[in-house]
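Data block below; observations after.
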Amino acid sequence: MRGLAQDLRGAGRLILRSSGFAAVVVVTLAVAIGATTSVFSVVRGVLLQPLPFREPDRLVRFYAANRQFGNGTVALAELREDHERLRSFSSVGAWGYGSGNLGGDVPEHVLIGRATSSLMPTLGVQPLLGRWFTREEEEPGHGRVIVLGRALWKRRFGGDPGVVGRTVDVSGVPFQVVGVLGDDVQIQERFDAWRPLAVSPDQLTPQSRANHFLRVVGRLAPRTTLADARAEMSVVSARLRATFPDLYPADSGFEMVAVPLLDQMVGGVRPTLWMLFGAVLLVLLMACANVGNLFLARATARERELAVRAALGAGRGRLVRQMLVESLTLALLGGALGFLLSAWGIDLLLAAGPADLPRIHEVHIDGTVLAFALGASVVSGVLFGLLPALTSSQLKLHDALRGGAASAAPRPRRLRRALVAADVALALVLVSGAALLLRSFGEVLRVDPGFQPAGAVVLNVSATGARSGGEQGLRTLFATVRQRLRELPGTIAAGGIDYQPLSGVPTDQNFEIEGRPVPAGTQPPDEENRTVTPGWFEAMEIPLLQGRYPQETDAADKAPVVVVNASFARRYWPAGDGLGKRLRLTGTDPRWWTVAGIVGDVREFGLDADVRPTMYFPFDQLPANTLTMVVRSRSPQVVLRGAQHVLSGIDSNLPAYQVKPLGDMLAASLAQRRFALELLHAFAVLALLLAGLGLYGVLAYAVTQRTREIGVRMALGARPLQALALVARESAAVVGAGLALGSALALASARSFAGLLFGVGPADPLALLAAILVLGVVAVAATLLPARRAALVDPAVALRAE
């Protein structure tokens, strides 16, 4: 302990004596450790932190999977007859989407989850106040109760405990508040409140098994593994295919699927976050390499001091320990500053991240993050301190005390070059990765979304509950909304759709085409369907290819018509004769719908997702209670400012929500890609800076060490250009080795995030070439100043200095 105390005092003297050197080391490490800690905090909160439920590793999410659409939602009949009877699970709960307009002085549209009474018990969540639903309240006519989420309780009711037992107005319907949740339960969606999922007998018939809309979660029974559950589900799936061949045809590939709940929630962002964490670790390694180079240079300058200590009896272990204590002291100071910076970095990351980043409220600084920052500091101190300590402690006392050739020893020089080459290699990995994402992002932006976002505004309108007035009331209400929006100054067109493109909501529907009966034992066609009002295609500027758009004359009492997109027409009428053909929605609607128009394809599920065949039904003939209105205007700001006023003039309890330019919706669909691109580019810029500074430092130090040699060469007739070439050759050798190693690493690492790329492959030569050129420019810039200094060496001054 006494020796350690002496080493600590020595480290303190080093910091005071060489404050500039210490400041460079601390700031370099602070930036790298701060960035690494910030990204780790996000990775931990989103990917590694257990879900806030009882025994979260026992929770799984159910899907009904098939070959065409992959994992999908579950029908209510499947939940009651199949999932709830699985012996591998102790309990099963389910929920569906819902919404409503919360009445009051200021109407507010709220998201309301429709849940089974078993959902919260399955998750292991107890209400903060009151109770959860009972099984009886799932019966039709008994479900006028509601449980508030914590955020809504605080926001609208001021956290009043007396709210339990009160009646609240939701879309004109009175609901009794029976409970308040302590935290807003985030399964994947975040709902403002919950109400019972009504279960009617017609939803439990065999035919209703085609009506998939539920999200289902289950808790594994004690002493049961996920593999056991999957084996049982495989048996049940085979039985269902045999019992209901028309509903689950053999060629559909139907299967009951279960995945861990955490994997389901974060699977979409896991590759992105792990890629960014790997990138920031490379930046930390580069920072350690740069600081290690500084310590090597400083150790060379301290050789006489170390030799004196060795001559006075200090062994090699004693010298190594002294230098390690110095490096660890500076690393811990850098880590402390980096930990403080990480709090700001986390806020910056969350602000730059996509709005739908899952589990965002789990991201915060705690003891684990502090331990990570401490560990990163210690590991960094060892990484950049050990090699210089071992190298510098191998002293030849005679040479070191004489001050001769020891200062020009080749081994430290080779180590410095190797560290810079590693810097260049790691920088190439980051820059090439950033170039790949940039190329991929460019390919995504070149995709035609199928509509024109400029000049259009979207707003959501919901008429759920008693005030909707049934189907005819919906027709009247939304016709009035469209008319009032069209009357706004500058409006060109206005219309609505039940699910806006890029919303990511699948609404597939089985159907049959007239004259093409579905053979027994095979699955009927299943494609996307949407409900649209007149004016929506015009407002979106979706091109009409054949026929006509939906019109005001497509009323409820007129012949049913449907408009399909080009992909639908190509799939089912490849000869181009789709107009006038008829189709029928199986199991839900006996009417035959005549194809009245064919429109251009729209990217319903993202610019990087395949176009799906889609049917568009006129609103008056297939009403919906919630629409996303689109208004195309020469004055979009007028629409943004006046949307709520328009709706309030129709119904004071009718809120307009999520009012924004259509371009913002398009940008939101690219948020995750943009987040990864921006963050990786920031790390790449930092890597370029570290690589450039490392190369400059090595070359500048080499010129200083070889000043006498250069002076002799100049005295013997060498020209300044030859001195410059001497430095350039050393730079080229270091950079060339780094680029060769980095190219191999870049190609290998790109495969790990190939799933994030669109339109380019992980071995894209243009991205790698661009990264090499950028690093080449940085290398030239880092070489110029030391080379110029070498070319300007005065032989007389250099030789006299020796």
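Of (1) hydrophobic (A, V, I, L, M, F, W, C); (2) at pLDDT 90 or above; (3) within 25 Å of the chain's Cα centre (by Cα); (4) open to solvent by 10 Å² or more (accessible area, probe 1.4 Å), LEU579 satisfies all except one. Which?
(3)
Pick from the stretch 120-136 the residues that are surrounded by 19 or more Cβ atoms within 10 Å (Cβ to Cβ) and either assigned to a loop (DSSP other than H, G, I, E, B) or acidic (Asp, Glu) (or both): which of them is modelled with the highest pLDDT?
TRP132
Sort out for me the strands (runs of 3 or more DSSP E) sitting completely within the stretch 420-513 that have 3 or more residues that are touching a helix residue (DSSP H, G or I) at 6+ places or on another chain (Cβ under 6 Å).
456-462, 491-497
Checking VAL291 against (1) at pLDDT 90 or above; (2) within 30 Å of LEU677 (Cα to Cα); (3) of a type outside the set (Gly, Ala, Ser), which test does it fail?
Evaluating VAL291 over (1) at pLDDT 90 or above; (2) within 30 Å of LEU677 (Cα to Cα); (3) of a type outside the set (Gly, Ala, Ser) leaves (1) as the failure.
Does VAL199 count as out of contact with any strand residue (DSSP E or B) (no Cβ under 9 Å at 6 or more places or on another chain), closer than 26 Å to SER90 by Cα and among the β-branched types (Val, Ile, Thr)?
Considered against the rule, which asks whether it is out of contact with any strand residue (DSSP E or B) (no Cβ under 9 Å at 6 or more places or on another chain), closer than 26 Å to SER90 by Cα and among the β-branched types (Val, Ile, Thr), VAL199 comes out as yes.
What are the residues in the stretch 31-59 that are touching a helix residue (DSSP H, G or I) at 6+ places or on another chain (Cβ under 6 Å), open to solvent by 20 Å² or more (accessible area, probe 1.4 Å) and closer than 15 Å to MET275 by Cα, if any?
Selection gives ALA35, PHE40.
Looking at GLY100, GLY96, can you tell me which residue is out of contact with any Pro (no Cβ under 6 Å at 6 or more places or on another chain) and farther than 22 Å from VAL259 by Cα?
GLY100
Can you pull out every residue in the stretch 71-105 that is assigned to a helix (DSSP H, G or I) and among the aliphatic types (A, V, I, L, M)? Walk me through how you get there before you give the answer.
Within the stretch 71-105, the subset assigned to a helix (DSSP H, G or I) is 76-81, 83-85.
Answer for the stretch 71-105, where residues must be assigned to a helix (DSSP H, G or I) and among the aliphatic types (A, V, I, L, M): LEU76, ALA77, LEU79.
Using beta carbons and a limit of 9 Å, which pairs, at least six apart or on different chains, have the first residue in the stretch 219-232 and within 11 Å of LEU59 (Cα to Cα) and open to solvent by less than 30 Å² (accessible area, probe 1.4 Å) and the second one assigned to a helix (DSSP H, G or I) and aliphatic (A, V, I, L, M)?
So the pair list comes out as ARG219/LEU123; LEU220/LEU226; LEU220/ALA229; ALA221/ALA229.
Answer yes or no as to whether GLY642 is assigned to a helix (DSSP H, G or I), under 29 Å from LEU488 (Cβ atoms) and either open to solvent by 20 Å² or more (accessible area, probe 1.4 Å) or free of Cβ contacts under 8 Å to residues at least 60 places away in the same chain (or both).
Considered against the rule, which asks whether it is assigned to a helix (DSSP H, G or I), under 29 Å from LEU488 (Cβ atoms) and either open to solvent by 20 Å² or more (accessible area, probe 1.4 Å) or free of Cβ contacts under 8 Å to residues at least 60 places away in the same chain (or both), GLY642 comes out as no.
Give GLN658, GLN621 a once-over and let me know the one that is open to solvent by less than 20 Å² (accessible area, probe 1.4 Å) and either in contact (Cβ under 8 Å) with a residue 12 or more places away in the chain or closer than 24 Å to SER171 by Cβ (or both).
GLN621
Which pairs have Cβ atoms under 8 Å, sit 6 or more apart or on different chains, and link a residue in the stretch 552-569 that is under 12 Å from MET615 (Cβ atoms) to one that is surrounded by fewer than 20 Cβ atoms within 10 Å (Cβ to Cβ) and of a type in the set (Ser, Thr, Tyr)?
Taking only residues 6 or more apart or on different chains, the pairs are PRO560/THR594; VAL561/THR594; VAL562/THR594.
Is the stretch 351-363 home to any residue that is charged (D, E, K, R) and over 14 Å from SER38 (Cα atoms)?
For the stretch 351-363, residues charged (D, E, K, R) and over 14 Å from SER38 (Cα atoms): present.
Exactly one of these conditions fails for GLN500: (1) open to solvent by 30 Å² or more (accessible area, probe 1.4 Å); (2) more than 30 Å from ALA242 (Cα to Cα). Give me its number.
(1)
Looking at THR588, THR594, which one is open to solvent by 40 Å² or more (accessible area, probe 1.4 Å), modelled with pLDDT of 95 or more and closer than 15 Å to LEU622 by Cα?
THR594 is the lone residue from the list that is open to solvent by 40 Å² or more (accessible area, probe 1.4 Å), modelled with pLDDT of 95 or more and closer than 15 Å to LEU622 by Cα.
The values are calculated or read from the model by the stated rules, or taken from the named source; none is laboratory data. Predicted model, so just to flag it, every value in this text is computed and none were measured. Every residue, glycine as well, gets a Cβ built from its backbone with ideal geometry; the counts of neighbours run over all protein chains shown. All accessible areas refer to the heavy atoms of the entire protein, side chains included, with ligands and DNA or RNA removed. Shrake-Rupley method; radii C 1.70, N 1.55, O 1.52, S 1.80 Å.
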